[in-house]
Every structure is written in C-alpha cells, then in structure tokens.
Amino acid sequence: MKVAIIGQGYVGLTISAFAGEIFDVIGFDNNQKIVNQLNSGLSHIEGVESSVLQKWIKAGRYKATTSGSDISDVDLVVIAVPTPLTKDRRPDLTYIDAACRTIGDNIKKPVLVINESTSFPGTLRNYIKPAIERYSTTMVEHLYAISPERVDPGRGDYNQKNTPRLYAGLTTEASEKTQEFYSKFCDNLVEVSSPEVAEAAKLFENTFRQVNIALVNEFAQITNALGISVYETLDAANTKPYGFMKFTPSAGVGGHCIPVDPTYLAAVAEEHGAPATFIRRANDVNLEMSKYVVDRVQADNGGSLQGKSVLVVGVAYKPNVADVRETAAELVIEHLRNRGAVVSWHDEVVGTWHGESSAPLSGADIAIVVTKHDSVDAKSIVASAPYVFDTTGKIKGVKGL
Ligand SMILES: NC(=O)c1ccc[n+]([C@@H]2O[C@H](COP(=O)([O-])OP(=O)(O)OC[C@H]3O[C@@H](n4cnc5c(N)ncnc54)[C@H](O)[C@@H]3O)[C@@H](O)[C@H]2O)c1
C-alpha cells in the first residue's frame, strides 16, 4: 500500500517514521528546504531519528516531495498540516484548505483520506470532504476518516505504538480501513461513534490541560500572596491517591496545541450559542502569567528594570525541544523590553530565534528561567546572575513562582 502524508512536521514526520516500517510513504510538504533535508536522510523533528529515515529511504519506502503529481497513485492520504489561529484568534483552516486542494488536484481514484490535524467538530464532514470534492477535477468518491494525533514531541515513554488512538469514519467502510491502517503500527485503537466525537475529544483533552494549568498558575499567585510554597502545597495535595492531578505553574503555556486548540473549541461553542467561559478565562490567565513574572522580578529589583541586563534562560516552549511556537518566553521578553530592560536569551537547543542567537549563560544582572532543558546545568544558571527568578520549580535556592 502506498501512503501520502501531507505535512512533514512534528505530526506528519512522526507518522511517516512509523508507517515506513510497513508502507511505501510519500511525505508531501510544501517547504522545499525540509523536503531536501528529509531526502538526504536528516530528520528535523525530535523523536524521529535520522537513522530510521535513512533506513526507509534505503529500502525505497520513503521519499519526501513538493510535487503533487507524486501522490497521484497513493491508496491513502493523511493530512497533518498546521491549524493555527488567525490574527483575531479565530480558527485558521487555510492550511487544511491547501491540503484539500493538493488532494483534489492530484488524486483521481478513490482513496481513504484521514485527517490528523486538530480542528473543531464538523471539520471532516463539513469542511474537508466538501473542499476536496470542490477541488477535484473528476468525480471521485473518497472515503473520509479522522484520527486525531496525540504525539508529545520529546516524550520517551509514550509514542505512536503505545498511545491509544481515537478514530471514526464518515462511513463504516472508512472506519474499517482506518482501523486496518493504524493497527499496523498502533496497539490500541479506540473507535468512536462519529468523527465529531473524535474531533471534540481531542480539543477537550487539550482544554483540560489548559484550564488546569491556568488554575495552578492562579494558585501560584495565591500561595505567593500567602507566603507559602506553591510546590510544597501541590506536593501535599498530591498525596491524595484519588481525585487530584498535579499540574505545575509556569510563565505561561506554549506550543502548537494547548494555547491554540481550546480556542477552536470556544469558537465552535460560541457559534452554537454555548458558553466557553472557562476556556476564555483560562487563556487570559495563562497569557497574563508572563506579566506576573516580570512584575515580581521588577518588584524584587528596586521597582525598575530600566537599563538592567536580563537573561531569559530557555526560550523553547518546553524542555528538551527546539520548538518556540507560542512560547511564553516571547511575552516575557516583550514585557521586559517594554520596561527598558536590555534583554538577551540563552537556549542552545533553539540556537537562533527571531534573528537573534543564544547568548552565553553568564554576566547578566538578572536571569529569568522560563524553560530548563536537561542539558543546562542548574549550578550554571544560578551563577549566571546575582538575581535569578525561576518559573520552572527546578532550580533550588533562588527566587521563583
Ligand atoms: N506538534 C504536536 O505536538 C501536535 C500534537 C497533536 C496534534 N497536532 C496537530 O497536528 C497538526 C500539525 O501540527 P505539527 O505540529 O505537525 O505542525 P508542523 O508545523 O510541525 O508541521 C506542519 C508541516 O506542514 C507543512 N505544510 C504546511 N502547509 C502545507 C501544505 N499545504 N501542503 C503540504 N505541507 C504543508 C509545513 O511546511 C510543515 O512542515 C496541527 O493541526 C496540530 O494542531 C500537533
């Protein structure tokens, strides 16, 4: 069986690496640089080893391409393109639309189309299917299914094989074929009654995290006002063996999922006249954490940051990945610069970002730890400035949340 995977980023390349064990995989991406790199056997995604890619390339089972004609003879297509927000924070389906056009323009025989991109309930039925049909130049009846992705880049214990995967087709045949495809590399498939349930479940998983992170971020402000340690209090609460799940505070949430997906749910809720108050408020609390952190740092440093050199340690949105999408570091830096601080950042995992390079981990007046990669030694962070503020809870003996 020949499989096309549209989008060779975190999700698409991860699927390609697993599917390449069994199927012939065409990785379609519109970024020529990524395609060239992949065809030379170099992975750009944490968790996808270059050696695996090289093995599939050598066996003739993987090829990346920017050319739509390369996917014309496939049997199955997976859509794994970005689903961001527009400037006014509405769901942005332009990448999905472009993927639908690629399918419509190039695939003339019936295939199974599976969407893995995260979007609101109804996207497969009311958006993807009609768009592909609209773009198809010949009358062709594809099968359609959804199987939302749960990959957690950089995670060692859970992967495509052992993470349960939801799926649902628009028809029974689509469900059966979807099950057949994923069962080759995933041990636990969970069928739900409609694509809308699978789409909503994915959004709710990330909304659950967003709301709980906001709650603990607010709690960190309460414990600070009360003069007690948020971490000790959370550890104490976590001794309860049931009905409690520990989340930890931070400078805000980042990544492509948690700051974005709940807004897809809120948008569709409000469109249907249902409330989304928790989602909206949680988003605000998480966004405001960067200001809270900078306020605390400013208060501890004589009430002004004007002219002070501030080193932001860790700008990736989470430890041990180079991903800076929606990173809380962005807002922290913005607040610092607006207050006259001279800001640099240290993150050798990220390397370069916004045209700036990672600065040495030393010589600042103030250091604010936003993300702590395992490769960065806590002692070096403590030594990098006379005042260190830690938002991660991983550095002992310094100020922090
Ligand atoms: N990253 C995660 O951890 C994660 C987890 C679960 C779900 N998701 C969801 O999966 C989807 C993809 O996310 P990602 O993190 O893989 O994104 P990504 O940015 O890492 O990768 C997307 C890739 O798609 C390519 N692309 C964009 N438009 C294209 C087009 N029209 N045709 C072909 N290629 C195109 C880009 O060049 C890029 O390489 C999103 O809906 C996201 O919400 C992501």
**Request:** Of the conditions (1) open to solvent by less than 20 Å² (accessible area, probe 1.4 Å); (2) away from the ligand (no atom under 11 Å from the Cβ); (3) farther than 16 Å from Ser136 by Cα, Val78 clears all except one; give me its number.
**Result:** (2)
**Fill in**
Among (1) more than 20 Å from the chain's Cα centre (by Cα); (2) closer than 27 Å to Phe120 by Cα; (3) among the hydroxyl-bearing types (Ser, Thr, Tyr); (4) more than 14 Å from the ligand (Cβ to nearest atom), Thr86 falls short only on (1)
**Prompt:** Could you list, in sequence order, the residues of the stretch 241-287 that are part of a loop (DSSP other than H, G, I, E, B) and aliphatic (A, V, I, L, M)?
**Reply:** Met245, Ala251, Val253, Ile258, Val260, Ala274, Ala276
**Asked** For the stretch 338-367, which residues satisfy the criterion of being among the β-branched types (Val, Ile, Thr) and either closer than 23 Å to Gly154 by Cα or at pLDDT below 95 (or both)?
**Response** Val349, Val350, Thr352
**Asked** Just one of Gly27, Gly20, Gly7, Gly12 is more than 24 Å from Val140 (Cα to Cα), open to solvent by less than 40 Å² (accessible area, probe 1.4 Å), within 11 Å of the ligand (Cβ to nearest atom) and not β-branched (Val, Ile, Thr); which is it?
**Response** Gly12
**Message:** Condition first: within 25 Å of Val268 (Cβ to Cβ) and either among the acidic types (Asp, Glu) or surrounded by fewer than 17 Cβ atoms within 10 Å (Cβ to Cβ) (or both). Now tell me which residues in the stretch 99-115 satisfy that.
**Reply:** Arg101
**Request:** Residues being part of a loop (DSSP other than H, G, I, E, B) and over 29 Å from the mean Cα position of the chain (by Cα): count how many of those fall in the stretch 227-240.
**Result:** 5
**Failed criterion for Ala367 (all others in (1) touching a residue at least 40 places away in the same chain (Cβ under 8 Å); (2) farther than 17 Å from Pro259 by Cβ; (3) open to solvent by 10 Å² or more (accessible area, probe 1.4 Å) hold)** = (3)
**Which listed residue is open to solvent by 30 Å² or more (accessible area, probe 1.4 Å), over 24 Å from Val230 (Cβ atoms), of a type in the set (S, T, N, Q) and touching a Leu at 6+ places or on another chain (Cβ under 7 Å), from Ser344, Ser375** = Ser344
**Complete:** Going through (1) at pLDDT 95 or above; (2) in contact with a His (Cβ under 8 Å, 6 or more places away or on another chain) one by one, Pro84 fails only at (1)
**Message:** Exactly one of these conditions fails for Ile34: (1) open to solvent by 20 Å² or more (accessible area, probe 1.4 Å); (2) of a type in the set (A, V, I, L, M); (3) more than 10 Å from the ligand (Cβ to nearest atom); (4) over 21 Å from Lys177 (Cβ atoms). Give me its number.
**Reply:** (3)
**Asked** Going by the conditions given, is Val349 crowded, with 17+ Cβ neighbours inside 10 Å and touching a strand residue (DSSP E or B) at 6+ places or on another chain (Cβ under 8 Å)?
**Response** no
**Prompt:** Looking at Gly41, Gly47, Gly60, which is the one that is touching a helix residue (DSSP H, G or I) at 6+ places or on another chain (Cβ under 7 Å) and away from the ligand (no atom under 15 Å from the Cβ)?
**Reply:** Gly41
**Complete:** If we ask which residues in the stretch 96-120 are within 11 Å of the ligand (Cβ to nearest atom), farther than 23 Å from Ser175 by Cβ and either in contact with a Gly (Cβ under 6 Å, 6 or more places away or on another chain) or free of Cβ contacts under 8 Å to residues at least 60 places away in the same chain (or both), their number turns out to be 3
**Qualifying positions in the stretch 237-264 - aliphatic (A, V, I, L, M) and open to solvent by 30 Å² or more (accessible area, probe 1.4 Å)** = Ala237, Met245
**Prompt:** Does Ser290 fit the bill of being touching a residue at least 12 places away in the same chain (Cβ under 8 Å) and not aromatic (Phe, Trp, Tyr)?
**Reply:** yes
**Request:** Kindly indicate whether Val74 is of a type in the set (Val, Ile, Thr), out of contact with any Cys (no Cβ under 8 Å at 6 or more places or on another chain), assigned to a helix (DSSP H, G or I) and modelled with pLDDT of 95 or more.
**Result:** no
**Message:** Here are the criteria: (1) touching a residue at least 24 places away in the same chain (Cβ under 8 Å); (2) out of contact with any Leu (no Cβ under 9 Å at 6 or more places or on another chain); (3) under 30 Å from Leu305 (Cα atoms). Tell me which single one Phe278 does not satisfy.
**Reply:** (3)
**Asked** Does any residue in the stretch 320-336 that is over 20 Å from Lys87 (Cα atoms) come within less than 7 Å, Cβ to Cβ, of a residue that is at pLDDT 95 or above and within 11 Å of the ligand (Cβ to nearest atom) six or more places away or on a different chain, and which pairs are these?
**Response** Asp323/Tyr317
**Item:** Filter pass, Asp73 being touching a strand residue (DSSP E or B) at 6+ places or on another chain (Cβ under 7 Å) and surrounded by fewer than 22 Cβ atoms within 10 Å (Cβ to Cβ)
**Value:** yes
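The values are calculated or read from the model by the stated rules, or taken from the named source; none is laboratory data. Because the structure is predicted, anything quoted here is derived from the model rather than measured. All Cβ positions, even for glycine, are placed from backbone atoms using ideal geometry, and neighbour counts span all protein chains on display. When the accessible area is computed, the model is the full protein with side chains, heavy atoms only, and any ligands, DNA or RNA have been set aside. Shrake-Rupley method; radii C 1.70, N 1.55, O 1.52, S 1.80 Å.
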